[in-house]
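As structure tokens, the structure follows; a few thoughts come after it.
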Amino acid sequence: MKFMTAAWVALALGAAPAMAAPRTYDLDPAHTQVLFSVGRFGFNSVYGIFANAQGEVVLDEADPGQSRVTASVRVADLWTADATRDEHVRGPRWLNGAEAPELRFVSTSVRVIDARTADVTGDLTIGRVTRPETFRVVLNRLGRNPASPRHTAGFTLEGRIKRSDYGITTAQQLIGDEVAIHIEALALERAE
């Protein structure tokens, strides 16, 4: 059970198997999807995705609390299935990608819930604002990847933030303030 808990914490940080010394892992941008949804006019929610997520994880198996992750997405890689909407959301009234070209998350702590679930807290930067946010992370699988010789970790992350907390107040009476975030992530042990 102790091994499962330690392995889960490793996964919650996007890492891989039990190791004696800290090891570094990379998110796989081709197999990591960062999705979000926000209510529109009260009728439905609109979904979007950020492609090409980048991230580095340093896993300390002996002391998982010392592990860390840094991940980012570029505003320019936003896609919502509508070119006009994409241009607006990337623009100065929303994400302001010209002045703040990336969204960034840097973990600060992990609280283990059970062998497969943890809350990961960190500093989320959107635009010029950085705030602490906590996301629920679930271990999907840890082990050898059939498509790669590298050890692999897969997990799901979910959470909710308020766009107004980041100074994004455009159309608040029409577009929802709460933004749901869902991430499916894959992390590969870094090749030496």
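Quick notes on this structure:
- Single match in 73, 120 (criterion: under 30 Å from residue 189 (Cβ atoms), at pLDDT 90 or above, in contact with a helix residue (DSSP H, G or I) (Cβ under 6 Å, 6 or more places away or on another chain) and assigned to a strand (DSSP E or B)): 120
- Members of region 119-139 found to be among the hydrophobic types (A, V, I, L, M, F, W, C) and under 16 Å from residue 71 (Cβ atoms), listed by number: 120, 124, 126, 135, 137
- The single condition from (1) within 25 Å of residue 136 (Cβ to Cβ); (2) at pLDDT 95 or above; (3) surrounded by 14 or more Cβ atoms within 10 Å (Cβ to Cβ); (4) not β-branched (Val, Ile, Thr) that residue 13 fails is (2).
- Filtered by the rule that a residue be over 17 Å from the mean Cα position of the chain (by Cα) and hydroxyl-bearing (Ser, Thr, Tyr), region 153-165 gives a lone residue, 164.
- Residue within region 90-108 that is in a strand (DSSP E or B) and small (Gly, Ala, Ser) present: yes
- Exclusive hit being surrounded by 15 or more Cβ atoms within 10 Å (Cβ to Cβ) and either at pLDDT 95 or above or among the hydroxyl-bearing types (Ser, Thr, Tyr) (or both), set 108, 125: 125
- Selection within region 147-192 - more than 25 Å from residue 129 (Cα to Cα) and in a loop (DSSP other than H, G, I, E, B): 147, 148, 149, 150, 190, 191, 192
- Close pairs (8 angstrom Cβ cut-off, 6 or more residues apart or separate chains): part of a strand (DSSP E or B) in region 44-55, surrounded by fewer than 16 Cβ atoms within 10 Å (Cβ to Cβ) and of a type in the set (Phe, Trp, Tyr) anywhere: 48/79; 49/79; 50/79
The values are calculated or read from the model by the stated rules, or taken from the named source; none is laboratory data. Predicted model only: the values in this text are computed from it and were never measured. As a convention, Cβ positions derive from the backbone with ideal geometry for all residues, glycine included, and neighbour counts pool all protein chains shown.
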